[in-house]
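The values are calculated or read from the model by the stated rules, or taken from the named source; none is laboratory data. If you're wondering where the values come from, they're calculated on a predicted model, not measured in any experiment. Cβ coordinates were reconstructed from backbone atoms using ideal geometry, including for glycine residues, and neighbour counts include every protein chain displayed. Areas reflect the complete protein model, heavy atoms only, side chains present, ligands, DNA and RNA absent. Shrake-Rupley method; radii C 1.70, N 1.55, O 1.52, S 1.80 Å.
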Amino acid sequence: MSISNFRVLGGEKNFIAMTSDLAKDEEAYAVVKAYAWFEMIKGKMKPVRWYKPTKKGTRVKFEMIASQEAYYTSYGEFEGYLKHINQKYGLSLEVTPDSGKEDQAV
């Protein structure tokens, strides 16, 4: 039996650095979450559920981004999160043009 054509539709990742200990510092956790989210988008993964952090990290359920439209939607959600944490914690996180959606193609 050979598998010649298959596609991953989604799955789950565990971010071991995003522990319950880190979550005690809400600002630090939010920054690490933003970085993890951005890395997922770059990997064409859209987070659909962030589970509660544990000592072993934070599990994230994701689905694969299959179209340019879905990519822009996911990127917009990420930008909304950045805006939220920037306002809440007085941060100035932003995505630079060389690492943002302009370079991505699905």
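Hull volume per residue, based on the alpha-carbon atoms of region 1-55 and their convex hull, is 104 Å³. Residues with beta-carbon under 10 Å from that of ASN14, excluding ASN14: net charge, scoring Lys, Arg +1 and Asp, Glu -1? The answer is +2. Fully extending the segment from TYR72 to LYS24, taken as 0.36 nm per residue of separation minus the present Cα-Cα distance, adds 14.1 nm. Between the helical axis of 26-42 and the dominant principal axis of the chain, each derived from Cα atoms, what acute angle in degrees is found, rounded to the nearest 10? Tilt relative to the chain: about 20 degrees.
Projecting the Cα atoms of GLY90, ALA34, SER4 onto the charge dipole of the chain (Cβ charges, centred on the Cα centre) puts SER4 farthest toward the positive pole. Between THR96 and ALA17, the C-beta separation translates, for a Förster distance of 35 Å, into a calculated FRET efficiency of about 0.95. Between Rg and the Kirkwood Rh of the chain, both from Cα atoms, what is the Rg to Rh ratio? Computed over Cα atoms, the ratio is 1.02.
Solvent-accessible surface of the chain, averaged per residue with a 1.4 angstrom probe and all protein chains in place: 68 square angstrom. Ligands, DNA and RNA left out, the 1.4 Å accessible surface of the chain is 52% carbon and sulfur atoms.
Residue separation of TRP50 and HIS84 scaled by 0.36 nm, minus their Cα-Cα distance, works out to 10.6 nm of gained length.
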